[in-house]
Ligand SMILES: NC(=O)c1ccc[n+]([C@@H]2O[C@H](COP(=O)([O-])OP(=O)(O)OC[C@H]3O[C@@H](n4cnc5c(N)ncnc54)[C@H](O)[C@@H]3O)[C@@H](O)[C@H]2O)c1
């Protein structure tokens, strides 16, 4: 499986961010020769030294190995990329504009540069849109732009769509072993080339039109976000009824028609994709006359859920003014250092606004969160801790925002460091028996009552009917 497949086309990756690096290394690990270019010289320099700018399970080792084996090579110009790679994947950002529509600026810039570079390249090229774009973008924007910039006809250049479905926190694993490979291409040669590039991946290749493939990506993200919002609404039901949302979603998800994946309550979803993709999908649907209602509802439930998490934190102490609160977990989920759209930001902002002194900790994302916090223009109000113990020293309250394994293994010594050992657990990662042993009172989102050292824990009042 790891042998170099000589006949497979060489791969190009344009844009080596979270998605680009996982894609590049998955191809390299399956024996493809991968050339990569990023516009950011710091990213190029770091990757060339075999150092990952992103922290994800398995990424650092895989990168070092593929650089050493020469299967992953960083190029300084897009011209070299167009010369050397036969199948080039666009992995550049597609952020949201203020009005929710996609900002196609970065994609247009990349496509223009790539098109001009391909003008000088000899041989047949396939350019593949792997960035997430709303249905119709490849046919209406990418292909015309690429043909104009490259001057190439359909004989020399094909355009295809191949959306990426990886989840951060497990992106290497997902990219190596995807559930399915979706290809949107009209040209049979492009489909054939993509099948060869993906040879050896243990997944079915599903072939659609370019717009169909784009719709699959947005439809998938909307459905996953819907599952999260659905679980979050069930969490609020559970709190009112005095039951545990995890037992409820487990039983619902045991139905194979539903499944448990992503049916997980928390402080609302974050990450770079769901929010922007749902807003872009809604805008595109409106312009096509689809009048979609689901994206708006999912996003509204998500916003409410973060506000609900803040209310839960407020309910744990009589007042937050002058209290010390430790916020544990700053990434948007466990397993990644990505803080884009993390719920930690609005939560910390609210706590600071309520007059709390906030200490924050994360095993991987502290520096990224510090940069994000400083971009909000607020410095000093938040203390960045290197250890859980430091974050908890004399704290009146701790909030688990992300269920990193380190927080799940709560140490009794941590409770002793706190002025009052109370945790608001927004992910229900801390086991009740462990909490009791650690002398901790846990107020968990999605559960009807607090658990802790007292008999039956501290009831949350209104949940008891
Ligand atoms: N992150 C994910 O989990 C994920 C999953 C599936 C799909 N996607 C999609 O993949 C795309 C990229 O997302 P990401 O999270 O990797 O973004 P990112 O911001 O982490 O990375 C994008 C990279 O592209 C580079 N870049 C920007 N313009 C460029 C240009 N003209 N030429 C070369 N490089 C350029 C940037 O320097 C950056 O390193 C988006 O469309 C996103 O929606 C992301």
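FYI, it's all coordinate maths here, none of it is from the lab. Small disclaimer: the values here were computed from a predicted structure and weren't measured. FYI the Cβ positions are ideal-geometry reconstructions off the backbone, even for glycines, and counts take in every protein chain you see.
Enter the angle in degrees (range 0 to 90, nearest 10) between the Cα long axis of helix 210-241 and the first principal axis of the Cα atoms of the chain, meaning the one along which they spread out most.
Long axis of 210-241 versus the principal axis of the chain: about 0 degrees.
Counting other beta carbons within 10 Å of each Cβ, put 430, 294, 181 in order, fewest first.
Details: 430 22, 294 16, 181 19.
Placing the least packed residue first, the sequence is 294, 181, 430.
Per DSSP H run of at least 4 residues, take -39500 (n - 2.57); add these up for the chain, divide by its residues and hand me the 222 nm value, nearest 500 deg cm²/dmol.
-12500 deg cm²/dmol
At a Förster distance of 41 Å, what's the computed FRET efficiency of residue 68 paired with residue 367, Cβ-Cβ distance as r, to 0.05?
Plugging the Cβ-Cβ distance into 1/(1 + (r/R0)^6) gives 0.95.
Taking only the alpha carbons of the stretch 89-204, what extent do you get along each of the three principal axes, in Å, biggest first?
39, 38, 21
Place a point 7 Å from the Cα of residue 7 along the Cα-to-Cβ direction; which residues of the stretch 179-211 have their backbone N under 14 Å from it?
192-200
Cut-off is 10 Å between beta-carbons; in what order do 198, 407 appear when sorted fewest neighbours first?
198, 407
Please give the length that would be gained between residue 390 and residue 317 if that part of the chain were fully extended, namely 0.36 nm times their separation in residues minus their C-alpha to C-alpha distance (nm, one decimal).
Details: separation 73, 0.36 × 73 = 26.28 nm, distance 2.10 nm.
That works out to 24.2 nm of additional length.
Calculate the length of the line joining the C-alpha centroid of the stretch 54-75 to that of the stretch 259-334, in whole Å.
33 Å
Once fully extended, how much extra length lies between residue 189 and residue 291, figured as 0.36 nm per residue of separation less the alpha-carbon to alpha-carbon distance? All intermediate terms of the calculation are to be shown ahead of the outcome.
Working: separation 102, 0.36 × 102 = 36.72 nm, distance 3.62 nm.
Length gained, residue 189 through residue 291: 33.1 nm.
Taking Cα centroids, how far is the stretch 394-428 from the stretch 188-222 in Å?
So the two Cα centres are separated by 44 Å.
Please arrange 139, 255 by counting, for each residue, the other beta carbons lying within 10 Å of its beta carbon, fewest first.
Values: 139 17, 255 9.
Fewest-to-most Cβ neighbours within 10 Å comes out as 255, 139.
According to a simple spin-label model (label point 7 Å from Cα along Cα-to-Cβ), what is the distance in nm between residue 409 and residue 42?
The modelled label-to-label distance comes out at 3.2 nm.
Quick one: Cα centre-to-centre distance for the stretch 351-379 and the stretch 140-180, in angstrom?
36 Å
Ratio of Rg to Rh for the stretch 323-424, alpha carbon only, Kirkwood? Let's see the in-between values first.
Details: Rg = 12.4 Å, Rh = 13.3 Å.
Reported Rg/Rh, Kirkwood definition of Rh: 0.93.
What do you get for the angle between helix 366-375 and the principal long axis of the chain? Use alpha-carbon atoms, 0 to 90 degrees, nearest ten.
90 degrees
Roughly speaking, what % of Cα-Cα pairs in the stretch 144-249 are separated by over 24 Å, rounded to a whole number?
Everything past 24 Å amounts to 45 percent.
Just subtract the alpha-carbon distance of residue 437 and residue 376 from 0.36 nm times their residue separation and send over the number in nm, one decimal.
Result: 18.0 nm gained on full extension.
If r is the Cβ-Cβ distance from residue 49 to residue 109 and R0 is 30 Å, what FRET efficiency results, to the nearest 0.05?
Efficiency, rounded to the nearest 0.05: 0.70.
With the calculation restricted to Cα positions, what are the radius of gyration and Dmax of the chain in angstrom?
23.9, 76
Translational diffusion coefficient, Stokes-Einstein: compute it for the stretch 210-465 using the Kirkwood radius over C-alpha pairs as Rh, at 25 °C and 0.890 mPa s, and state it as an integer in µm² s⁻¹.
130 µm²/s
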